1. Do we find that Asn83 is assigned to a loop (DSSP other than H, G, I, E, B), within 22 Å of His3 (Cβ to Cβ) and not β-branched (Val, Ile, Thr) in this structure?
2. Just wondering, is there one or more residues in region 87-95 that are assigned by TED's automatic domain parsing to the domain that holds Tyr121, surrounded by fewer than 13 Cβ atoms within 10 Å (Cβ to Cβ) and part of a loop (DSSP other than H, G, I, E, B)?
3. Of everything in region 25-39, what is modelled with pLDDT under 95 and either outside the structural domain of Asp70 (by TED's automatic domain parsing) or buried (at least 18 other Cβ atoms within 10 Å of the Cβ) (or both)? Give them in sequence order.
Amino acid sequence: MVHKILTIRDTVRVPPDRFGEPLEEVVLDLLRKSYEGVLDRDAGVVLAISAVKEIGPGRLIMGDGGSYHDVVFEALTYKPEVNEVVLGEVVELTDFGAFVRIGPLDGLIHVSQVMDDFVSYNKNKGVLQGKQTKRTLKVGDKVRARIVTVSMKGRVRAKVGLTMRQPGLGKLEWIPEDLK
């Protein structure tokens with residue numbers, strides 16, 4: 001997974017009810033609430049605010065009781081990259097594929113990309129199953145997949161397409177069998 005630590009500049013509004021608290025703790029808390037878990041088209045998903053590097057002097061704006069501080073801070077991010085090989089866990093199955101949790105995001109493995117076999121969804125057993133191989137994929141299975149598509153939409157949605165139809169990829173139990 002490609003993680004990066006980015007240095008970001010922003011302005012933080014400290015509300016008047018927090019004036020008595022240590023400024024660095026308040027700024028860190030406000031940054032975490034504003035940024036963590038947010039999806040940015042360029043940066044990826046902000047996983048954590050790791051450090052506040054600078055806090056400028058407060059400015060007041062007429063009619064607003066808060067103080068505004070220019071800040072510099074570091075954020076740990078993850079942005080999925082096409083062709084990246086990832087480990088994940090199957091979190092949901094549908095008739096069109098498997099959703100796999102890869103860190104902070106879920107990716108979709110379409111049924112056509114699960115294995116080199118015709119795959120169907122058995123709702124009663126809760127599995128995707130290969131017609132000839134009889135291999136099954138179920139919720140909780142650990143898999144290795146390759147990212148084939150990434151679409152970042154604004155600040156709320158990322159679509160990650162995955163494949164397991166390449167050597168060295170698939171359900172972790174299948175890989176040693178395939179390499180024989």
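1. Working: assigned to a loop (DSSP other than H, G, I, E, B): yes; within 22 Å of His3 (Cβ to Cβ): yes; not β-branched (Val, Ile, Thr): yes.
Here the answer is yes, as Asn83 does meet what is asked.
2. Taking every residue of region 87-95 in turn, at least one turns out to be assigned by TED's automatic domain parsing to the domain that holds Tyr121, surrounded by fewer than 13 Cβ atoms within 10 Å (Cβ to Cβ) and part of a loop (DSSP other than H, G, I, E, B).
3. The answer is Tyr35, Leu39.
Per-residue answers, yes or no, for (1) exposed (fewer than 13 other Cβ atoms within 10 Å of the Cβ); (2) acidic (Asp, Glu); (3) over 26 Å from the mean Cα position of the chain (by Cα):
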site	(1), (2), (3)
Val2	yes, no, no
Val12	no, no, no
Leu23	no, no, yes
Arg41	yes, no, no
Val45	no, no, no
Ile49	no, no, no
Ser67	no, no, yes
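The values are calculated or read from the model by the stated rules, or taken from the named source; none is laboratory data. What you are looking at is a predicted structure, and each value in this text was computed from that prediction instead of being measured. Please note: Cβ atoms are built from the backbone with ideal geometry, for glycine as well, and neighbour counts cover all protein chains shown.
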